[in-house]
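Remarks on the structure that follows.
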Amino acid sequence: MPIRDIRLLKTELRQKYKRIRKNLDPEKQRAMDAEIQTRLLALRQYGENDVIFTYLSKPIEVDTFGLVRAAWANRKRVAVPKCIPETTQMEFYYITSMDDLAPGAFGVLEPVPERCRLVTDYSRGLCIVPGLCFDAEGYRLGYGKGYYDRFLSAFRGVTVGICYTACTQWRLPHGRYDRQIQLLITEKYIRRTYTRGAENGGSHER
């Protein structure tokens, strides 16, 4: 499929899944968020990793603020991203309080570098990955900027996508720079999507 066709299709899919998310009943969404959180916290990989990398959710995304608080309660270190628009790269910083955050480049809460410590080791940990849609092979539909695909190309820990079942499909269009996640969690199931070698993330949920 030509690149221009993939881009057009991805744009149409982004509009579709944004629409689905915006139309979710708030009470139902909160219930799905809670179920996804319960499944993630029960993962063996969550228990085995003491560093949790996570995005900070927007209203149309699966809530991660509850996951952040749970990780702190479990005495884990939490790292969240700061986008660098000039390079379309991300830097992760450890946060120990919600007071470490401020609105960033896209209106999303981001760590304030002066209050936080920069992460320099990306060889381990569990990374919670956002996506408007995921497929059965672990490919994701992001917002189109490529921040997470660049980050995931260098990350060597366990990668977990969280998503509503209504925002999944069997196969997504993807290009050479798209990166797969290893586990997908929805309010209905946990799916192992892509097995990277044990040296790059340990055992996987079956």
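Only the coordinates and a few stated rules stand behind these numbers; no lab work does. Remember, predicted model here, so these are calculated numbers, not experimental data. Here the Cβ positions follow ideal geometry from the backbone for every residue, glycine too, while neighbour counts run over all protein chains shown.
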State the answer as a single residue: which of Leu184, Ala166, Tyr94 lies farthest towards the positive end of the charge dipole of the chain, with beta carbon charges of +1 for Lys and Arg and -1 for Asp and Glu, about the Cα centre.
Ala166
Excluding Ile52 itself, calculate the net charge of residues whose Cβ lies under 12 Å from the Cβ of Ile52, where each Lys or Arg counts +1 and each Asp or Glu counts -1.
+3
Using the Cα centre of region 3-196 as the reference point, and only Cβ charges (+1 on K/R, -1 on D/E), how large is the resulting charge dipole? Debye, rounded to the nearest 20.
500
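Over the chain, consider all pairs of different Cα atoms and compute the Kirkwood hydrodynamic radius from their mean reciprocal separation; express it in Å, one decimal.
Its Kirkwood hydrodynamic radius stands at 17.3 Å.
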Between Arg150 and Glu27, take the C-beta separation as r, use R0 = 35 Å, and let me know the FRET efficiency to the nearest 0.05.
0.45
Label-to-label distance, nm, for residues given as Lys188 and Arg176 (7 Å Cα→Cβ offset)
3.6
Within the chain, how many Lys pairs that are eight or more residues apart, or on different chains, come under 19 Å at the alpha-carbon?
14
Using packing as a proxy for protection, rank 63-71, 167-175 so that the peptide with the highest average count of other Cβ atoms within 10 Å comes first.
63-71, 167-175
